[in-house]
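What follows draws every value from the coordinates through simple rules; no lab data is involved. Everything numeric here is computed off the predicted structure, so don't read it as measured data. When we count neighbours, we look across all protein chains shown, and the Cβ atoms used for this are built from the backbone with ideal geometry, even at glycine.
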Amino acid sequence: MAGTVHRFYLPAPLPPGETVALTEEQARQAARVLRLAAGDPVVLFNGDGQEVPATIEDCGPRRVIVRLGEPRAGRPCPVPAVHLAQALIKADRFDWVVQKATELGVARITPLATSRTVVPLPVERARQRRERWQRIAVEAAEHSGRVTIPEIDEPATLDDLLPLVARIPALVCWENEAEPLHRVRLPTAGPLLVVIGPEGGFTREEVSAAVEAGARTVSLGPLILRSETAALAALAGIFTLAAAAADNA
């Protein structure tokens, strides 16, 4: 799109007036894919909540140097700060959840192994996937305009989450629940854990354990949603409800 100023995440100090180098991968993208050149504006951010306008001073296929301007406040993420516990699903679908959840403003993502999870993930493969998911989150943050990066956790089980459920508000999206999401009183600022099951859904034992730990079950509507659809429907609903509540406060 004409007039777009491209954004790059650089996890390093960004002192005003100084020059910094983009990573080699970012340099290739800037020079070869985006066709940027010396004099073009860009925006850098390092995850601290600010963004820094900058100007390219030197642009080569393996080395791009930019001069930093004055930092400014970035776009705020919506509230509450949602920690999404998403059941493991097929790789391309989980990638999509990470990308879209980042674009919507989620604060943290935990890949979740459940009784009905059908995607085996050995330790080494899980580590590689986590690195991939973190890269996807970075790219989604760059494109969406947010200035923070959601943390992607190592895969966990529902039992691993129960101590967290006991400490913060938690919603389990469950197809057998009748109470709709829009009737739930959401936290206005602090964290909110949102738990999404696999394609086969949670077992009743899993739901009971979560409820006993302090979670609340909610419905996303009368139809059965795919796991990735449920995640995005829940996030969009929560952020919309929270924004409406803030406007009416």
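Brief remarks on what is shown
- Amide H within-cut-off set for residue 58, under 5 Å, with H built and near neighbours excluded: 65
- Relative to the compact-globule estimate of 2.2 N^0.38 Å, the Cα radius of gyration of the chain comes out at 1.13.
- Table column - 3J(HN,Hα) (Hz), the range 223-228, Karplus curve with 6.51, -1.76, 1.60, x for Gly and Pro: 9, 7, 9, 4, 4, 5
- The range 19-65: trypsin sites (Lys or Arg not before Pro) falling in loop per DSSP and having at most 15 other Cβ within 10 Å: 35, 62, 63
- Taking amide H positions as modeled 1.01 Å from N, with prolines and chain starts lacking one, no residue 5 or more places away or on another chain lies under 5 Å from residue 225.
- Label-to-label distance, nm, for residues given as residue 182 and residue 219 (7 Å Cα→Cβ offset): 1.3
- Here the Karplus relation 6.51 cos²θ - 1.76 cosθ + 1.60, evaluated at θ = phi - 60°, turns the backbone of the range 99-108 into coupling constants of 4, 6, 5, 5, 4, 6, x, 4, 8, 7 Hz, with x for every Gly and Pro.
- For a paramagnetic label modelled on residue 247 (point 7 Å from Cα along Cα→Cβ), amide N atoms under 17 Å away belong, within the range 71-107, to 78-80.
- Under 20 Å from the residue 127 label point (7 Å along Cα→beta-carbon), backbone N, the range 63-93: none
- In sequence order, calculated HN-Hα J values of the range 23-28 (Karplus, 6.51, -1.76, 1.60; Hz; x Gly/Pro): 5, 4, 5, 5, 4, 4
- Multiplying the residue separation of residue 40 and residue 5 by 0.36 nm and subtracting their alpha-carbon distance yields 11.7 nm.
- Cut-off under 5 Å, modelled amide H: who pairs with residue 112 long-range: 86, 87, 88, 156
- Most fluctuating residue given options 33, 195, 119, as computed from a GNM of the chain linking Cα atoms under 10 Å: 33
- Rounded to the nearest 5, the antiparallel percentage of DSSP beta bridges internal to the chain is 35%.
- Loop-located trypsin sites (Lys or Arg not before Pro) across the range 137-238 with a Cβ neighbour count of 14 or fewer within 10 Å are 167, 185, 226, with loop assigned by DSSP.
- For the pair residue 154 and residue 203, the difference between a 0.36 nm per residue extended length and the Cα-Cα distance amounts to 15.4 nm.
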